[in-house]
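Scroll down for the structure; my scribbles are underneath it.
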Amino acid sequence: MASILCIETASTNCSVALSVNGKLLALKEDNNLGYSHSEKLHHYVSEILQENGLKPADLDAIAISKGPGSYTGLRIGVSAAKGLCFSLDIPLISVATLTALAHKVEEEGIVVPMLDARRMEVYSAVFNAAKEQLEETSAKILEPHSYDELLNAGKVYFIGSGVEKFQAICTHPNAVFVQDQLPSAKEMVPLAEAKFQQKEFENVAYFEPFYLKDFMVG
């Protein structure tokens with residue numbers, strides 16, 4: 001049985017999930033508007049293990065949301081994950097933040113996860129209905145017609161902390177704005193399990209978050 005601890009700190013949501021054989025066993029998160037990672041993360045890790053009768057030594061791997069996102073949040077999450085991997089001598093798995101965020105959308109259609117950066121900029125990517133990535137993750141300056149090529153072909157689901165600023169300027173009828181959703185460790189669970197089965201592990205000593213750009217301090 002593979003027991004994996006998933007950690008998500010790329011946005012204001014401090015989120016920890018525990019999975020066994022790819023099934024979500026427990027979830028703890030603080031989805032507020034402030035960054036609480038430094039205060040909450042280690043408590044969540046301890047609590048989620050204790051409440052489910054597990055010790056750190058029972059874990060088979062640690063999965064971390066690798067970014068892009070908040071510079072400070074990613075640093076805190078990755079440092080905690082690497083510390084656990086070193087102390088327990090278990091593998092580190094990384095999950096792309098926008099990939100996990102895209103998996104929150106269950107409807108058929110193109111999905112554009114976007115995380116708020118500065119001003120009219122977002123970190124975004126494009127996924128098809130099967131959650132296969134169609135465009136590279138990038139820092140994108142939003143304009144009213146930024147996604148018209150996709151929108152003209154059918155429904156597009158926009159999700160994440162950047163949705164509000166795009167909704168304010170986009171009037172295309174095929175745009176669907178999924179409100180109040182941030183990356184969560186919950187959606188990391190099946191992605192981390194798949195990587196565990198394929199032994200797609202990171203080098204714990206050298207792994208760094210995918211910042212994309214270093215200026216988003218939060």
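The values are calculated or read from the model by the stated rules, or taken from the named source; none is laboratory data. Computed from a prediction, not measured in an experiment: that's the story for all the values here. Neighbour counts run over all protein chains shown; Cβ positions are idealised from the backbone, glycine included.
Matching residues to (1) among the charged types (D, E, K, R); (2) more than 14 Å from Ile159 (Cα to Cα):
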site: Cys85; (1), (2): no, yes
site: Val95; (1), (2): no, yes
site: Ala102; (1), (2): no, no
site: Glu106; (1), (2): yes, no
site: Ile110; (1), (2): no, no
site: Met120; (1), (2): no, yes
site: Asn128; (1), (2): no, no
site: Glu132; (1), (2): yes, yes
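Please verify whether region 157-180 includes one or more residues that are within 28 Å of Cys85 (Cβ to Cβ) and not in a loop (DSSP other than H, G, I, E, B).
The answer is no, given that none of the residues of region 157-180 is within 28 Å of Cys85 (Cβ to Cβ) and not in a loop (DSSP other than H, G, I, E, B).
Which pairs have Cβ atoms under 7 Å, sit 6 or more apart or on different chains, and link a residue in region 48-63 that is outside the structural domain of Ile7 (by TED's automatic domain parsing) to one that is assigned to a helix (DSSP H, G or I) and not acidic (Asp, Glu)?
If the second residue must be assigned to a helix (DSSP H, G or I) and not acidic (Asp, Glu), no pairs are left.
Any chance region 36-48 includes a residue that's aliphatic (A, V, I, L, M), under 22 Å from Gly160 (Cα atoms) and buried (at least 19 other Cβ atoms within 10 Å of the Cβ)? Lay out the reasoning, then the answer.
Taking region 36-48 first, the residues aliphatic (A, V, I, L, M) are 41, 45, 48.
Now drop any that are not under 22 Å from Gly160 (Cα atoms), which leaves 41.
So of that shortlist, the ones also buried (at least 19 other Cβ atoms within 10 Å of the Cβ) come out as 41.
Yes, there is a match, as at least one residue in region 36-48 is aliphatic (A, V, I, L, M), under 22 Å from Gly160 (Cα atoms) and buried (at least 19 other Cβ atoms within 10 Å of the Cβ).
Being touching a Pro at 6+ places or on another chain (Cβ under 8 Å) and closer than 21 Å to Val16 by Cα is true for just one of Ser65, Ser70, Ser79, Ser124. Which residue is that? Even if it seems obvious, please write down each step before you answer.
Numbers: Ser70 fails: touching a Pro at 6+ places or on another chain (Cβ under 8 Å); Ser79 fails: touching a Pro at 6+ places or on another chain (Cβ under 8 Å); Ser124 fails: closer than 21 Å to Val16 by Cα.
Going through Ser65, Ser70, Ser79, Ser124 in turn, just one is touching a Pro at 6+ places or on another chain (Cβ under 8 Å) and closer than 21 Å to Val16 by Cα: Ser65.
If we scan region 78-101, do we find a residue that is over 14 Å from Pro209 (Cα atoms), assigned to a strand (DSSP E or B) and in contact (Cβ under 8 Å) with a residue 24 or more places away in the chain?
Within region 78-101, the subset over 14 Å from Pro209 (Cα atoms) is 83-91, 99-101.
Going one step further and asking which of them are assigned to a strand (DSSP E or B), we end up with none.
No: zero hits.
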